[in-house]
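What follows is a set of notes on a single structure, which appears directly below.
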Amino acid sequence: MRFLHRTGLYILPLCLAFLALAASLTPSLIPRDWLVQGVLGGIVMGLGYLIGRFFVACWRLLELPEPKGRTAVVARLIAGVPASIVLVWCLFSARDWQNGIRERMGMDLLESSNTFRMLALTLVVFGALVLLGYALQWLFDRVRFRLYRYMPKRTANLAGFILTALALIFLARDGVMNRVIIALDDSVTLAQRLFADAPPPPEARNLTGGAASLVDWGALGQPGRDYVLSGPDAEDIAAFTGHDPMTPIRVYVGRAQADTAQERADIALAELIRQGGFERKVLILAMPTGTGWMDPGAMDPVEYMHGGDIATVAVQYSYLQSPLALILETRSGLDQAEMLISTVHRYWRDLPKDARPRLYIHGLSLGAWSSMHGTDLFVLLDDPIDGALWAGPPFPSVRWQNVVASRNPYSPYVAPVLGDGRLVRFASHYEDAGGPDGWGNMRIVYLQYASDPIVFFTTSAAFRAPQWMNEPRAPDVSPQMRFIPLVTQLQLVVDMLLANTAPEGHGHAYYGPDYISPWVAVTAPEGWTAQDTARLIAICDSGFKEGCDNAAIERP
């Protein structure tokens, strides 16, 4: 402590901590409440403090002169006063910054930013991190002092650092794995309800998991059962179209159905054949999200617009939430998509071209990533699919990255334009895919929101501004968002954790009506009009089951 009083160097870590906290208050893609901001602020403060301590250590290592006495006081004023002013200004601006995002997303505005609660939580988190840092320093000192007995000091210091780092890695690994195991158990137990816990199977022979089905009802899991039992039936579709419709076919194979991806794909194909899926006009190969969930907002509209003359087949590849599946089962979704798409495509391409359905591929989030990976365009060159609709493609997808990199010059990063739009188009909450005209033989649409951090996160944001931050902001992205080294990276990580908490049509919460225009562009429903799109959007807004009761009255 005597050194702290006689030198001005130690004001630097605190000033950097204050500036880091101020920077963390600036807006990012997803609005944050005081609780999230408090945790983020504490972590960022700890990072700023750590950088400052590192600078002080380097200063002392180089044996540079340290400010003392009156010089130290002046140094504290020069560094501390501006940092304090910046922090106070950011604290007063924080509510307006968050309300700017909330207003753009149609959310209720905050009346208070709960500054004192946020600061209290920030200091608690920061204090915990500082104590953790001192604990690591203590451990490092104990190790290296013990090694001084057996080796030179420089060698002992290096060996002590390595041993301390290894101990920290082992402790962190064990803690992370325990949490992952708990999350896995919760996910399987609560969300799947497999075998003995499954409800009685349906008696209908034409349903997946029913009396004559090749799919085990108990192996479907809750997401699969919800999918095959939900959606519009012939009566619902008749109310919308006014014509004699068909009940859509939904084939779903659970992860527990078989041990390998190829076995599950083979069962899916056999069940699709049994139910007559290849006799429909439209066939969609869909990959679910990590838990096996199929978004009804994506699937219900396309079944309505084709009068039920459509079949969809999906195979579950994980029980985990998408972030966990991405980390722990990276290959499971990719392998399953490869097996399902190649298996079904081989059967489909051998059918007479004038007697087979149009073939499309779909996926949301992790399902989009896996189905993009499984769509081997070189294999499809001889007999290509008709198109694909991918929503919320995660940033690691190489195919999505390559498509965006191929955009026309001066085309926005968040809304790319490729060539003349005959092969690939992009849609969002504010822009449709341009309708069914002007396409080539294959039609691919990416539905993505500019405020979706799952799509627009980048691993280089710690030191370099993402490309989309150098362009005019999209309608639901705050114009006050600025790139700040290290801080922006942490903000985007928090945004990814909060991505599904955004209102529908923003973040990673993909909105049912936003699928309609892309599906029209990709699948070109026969006789479809702009009025049909408007009616279906209105019905989707009110909920399909409720809205369809009035569809015949609203139909022109």
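For this structure, a couple of remarks:
- In order along segment 48-55, phi translates into HN-Hα couplings of x, 5, 5, 4, x, 5, 5, 5 Hz, rounded to whole numbers, per the Karplus curve 6.51 cos²θ - 1.76 cosθ + 1.60 with θ = phi - 60° and x for Gly and Pro.
- For segment 89-140 versus segment 265-310, the gap between their alpha-carbon centres in whole angstrom: 45 Å
- Under 20 Å from the Val88 label point (7 Å along Cα→beta-carbon), backbone N, segment 117-140: 117-120, 123
- With the simple spin-label model, which puts each label point 7 Å out from Cα in the Cβ direction, the Leu158 to Arg146 separation comes to 2.1 nm.
- Computed from the C-beta positions of Tyr430 and Ala270 and an R0 of 35 Å, the FRET efficiency is 0.25 to the nearest 0.05.
- Largest-first ordering by accessible area, 1.4 Å probe, given options Phe240, Phe483: Phe483, Phe240
- Expressed as a whole percent, the accessible area of segment 226-358 that falls on carbon and sulfur atoms is 52 (1.4 Å probe).
- Cβ-Cβ FRET estimate between Asp350 and Glu263, R0 fixed at 22 Å, reported to 0.05: 0.55
The values are calculated or read from the model by the stated rules, or taken from the named source; none is laboratory data. Note that the structure is a prediction, hence the values are computed from the model and not measured. Don't worry about glycine lacking a Cβ; one is built from the backbone with ideal geometry, like all the others, and counts go over all protein chains shown. Surface areas here come from the heavy atoms of the whole protein model, side chains and all, with no ligands, DNA or RNA. Shrake-Rupley method; radii C 1.70, N 1.55, O 1.52, S 1.80 Å.
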